[in-house]
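For reference, the structure is listed below as structure tokens.
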Amino acid sequence: HSLRNIDELCASIVRSHRETSQYRLEELQALRWKVFSREEIQAYQSKTVDEMWQHCAVRLTDAVQYVVEFAKHVPGFRMLSQNDQIALLKTGSMEVVLVRMCRFFNTVNNTVFFDGKFAGTEVFKSLACNDLIAAVFDFAHGMCALKLTEQQLALFSALVLLNADRPSLEDRGRVQRVQRSVELGLTHILHRDNQDSLMHKLHQRMAVLRSLCSLHMEKLRWFSQRYPLAAHSLFPPLYKELFA
Ligand SMILES: CCS(=O)(=O)c1ccc(CC(=O)Nc2nc(-c3ccccc3)c(C(=O)c3ccccc3CC(C)C)s2)cc1
């Protein structure tokens, strides 16, 4: 890998991150004090469990679709077989949505950008999974504490996605080679920003991510057993494809 290749790799990952974020950072910053009114919170809290899960699943599927677009523009991802691309997205897309939350989380009032405004944990009460929501908010806090730049976030998102340890990969060696080039890119960016110490913290974040996602899957299984009709008919097809 000549330095030029690494620079080109970083530039293309940063570009695809920018092009596949539904909102620019400035837009999210401008909205950060737009919170839900008491009446709006009441309306969310009076939804039934399946209504709220369906509402979130639609939002999550939307966010996941943008992550799929991001993945398709990461050099090396498209060269992988279709099956390996799906295998990486099946587990990685939710993790990238969670990593991206540091863009739309306000640590001052502990709110997340959801449905056009910033929502506190009380908005999600009718999901009946306060432990998952608390864990998601905690994780967002931890990500915000790292104060990643958009470039660092782009490379970290690509690294989360291109994880050669994922289950049922056909050509693990090939994924490893792409993963190593992205790791080189991230190391290069952190070194340039004089923040080499961040690499260790980012690997710690990846360990937390895995446990958070298995909690999410566990809740999804609980929900689809409790509300089989809703889960079966309501979840948008991509959500079922990726998470079912
Ligand atoms: C990411 C690109 S962006 O332009 O920055 C952008 C673009 C668009 C948005 C708006 C948006 O989709 N916000 C969502 N918030 C949450 C959420 C919900 C509960 C708590 C915390 C955040 C969504 C989820 O569905 C979600 C996310 C992570 C884990 C779990 C879930 C839902 C589970 C609980 C069913 S979607 C925000 C930011």
>> Show me the three semi-axes of the equivalent ellipsoid for segment 105-199, from the C-alpha gyration tensor (sqrt of 5 times each eigenvalue), largest first, rounded to whole Å.
In response: 31, 20, 10
> Hey, got the Cα dimensions of segment 152-191 along the principal axes, in Å, largest first?
Replying inline: 32, 15, 10
> Sorted by accessible area (1.4 Å probe), largest first, how do S37, S214 line up?
Replying inline: S214, S37
> Using the alpha-carbon atoms, what tilt in degrees (0 to 90, nearest 10) does helix 172-192 show relative to the longest principal axis of the chain?
Replying inline: 90
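Can you pull the percent of the chain's accessible area that's carbon plus sulfur, 1.4 Å probe, other chains left in place?
54
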> Accessible area, 1.4 Å probe, largest first: how do Y44, Y66 sort?
Replying inline: Y66, Y44
>> I need the peptides 74-81, 23-30 ranked by packing, meaning the mean over residues of other C-beta atoms within 10 angstrom, with the highest value on top.
In response: 74-81, 23-30
>> Give me the mean projected area, in nm² to one decimal, of the convex hull enclosing the Cα positions of segment 1-155.
In response: 10.1
> Quick one: how many Å² of R59 are accessible to a 1.4 Å probe, rounded to 10?
Replying inline: 80
>> If R₀ is 35 angstrom, what is the calculated FRET efficiency for the pair R78 and S197, using the beta carbon separation as r and rounding to 0.05?
In response: 0.60
> With +1 on each Lys and Arg Cβ and -1 on each Asp and Glu Cβ, how big is the dipole of the chain about its Cα centre, in debye rounded to the nearest 20?
Replying inline: 180
> Given the C-alpha centroids of segment 165-201 and segment 40-81, what is the distance between them in whole angstrom?
Replying inline: 25
>> Keeping all protein chains in the complex and leaving out DNA, RNA and ligands, what accessible area do you get for R38 with a 1.4 Å probe, in Å² to the nearest 10?
In response: 150
>> Can you give me the long-range amide H partners of F114? Hydrogens built in the peptide plane at 1.01 Å from N, cutoff under 5 Å, separation of 5 or more residues or another chain.
In response: A119
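Just the accessible area per residue of segment 84-181, please: how many Å² with a 1.4 Å probe?
For segment 84-181, the per-residue accessible area is 35 Å².
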> Can you give me the pair-distance distribution of segment 1-44, C-alpha pairs, 10 Å bins, whole percents?
Replying inline: 22, 24, 25, 15, 9, 4
> What angle, in degrees between 0 and 90 and rounded to the nearest 10, separates the Cα long axis of helix 3-19 from the longest principal axis of the Cα atoms of the chain?
Replying inline: 20
> In nm, to one decimal, how far is the Y227 label point from the Q204 one, both placed 7 Å along Cα→Cβ?
Replying inline: 3.7
> Can you pull the Kirkwood radius for segment 1-75, inverse mean 1/r over Cα pairs, to one decimal in Å?
Replying inline: 15.5
> What's the local net charge at Q151, with K and R +1, D and E -1, over the other residues with C-beta under 10 Å away?
Replying inline: 0
> For C213, what accessible area in Å² do you get when you roll a 1.4 Å probe over the heavy atoms of the protein chains, rounding to the nearest 10?
Replying inline: 10
> Where Lys and Arg each count +1 and Asp and Glu each count -1, what net charge lies around D165 among other residues with Cβ under 10 Å from its Cβ?
Replying inline: +3
> If you look for lysine pairs in segment 1-151 that are eight or more places apart or on different chains, how many of them have Cα atoms under 28 Å apart?
Replying inline: 12
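The values are calculated or read from the model by the stated rules, or taken from the named source; none is laboratory data. The structure displayed is predicted, hence computed values, not measured ones. Virtual Cβ from ideal backbone geometry, glycine too; neighbours counted across all protein chains shown. Ligands, DNA and RNA are excluded from the accessible area calculation, which covers all protein heavy atoms including side chains. Shrake-Rupley method; radii C 1.70, N 1.55, O 1.52, S 1.80 Å.
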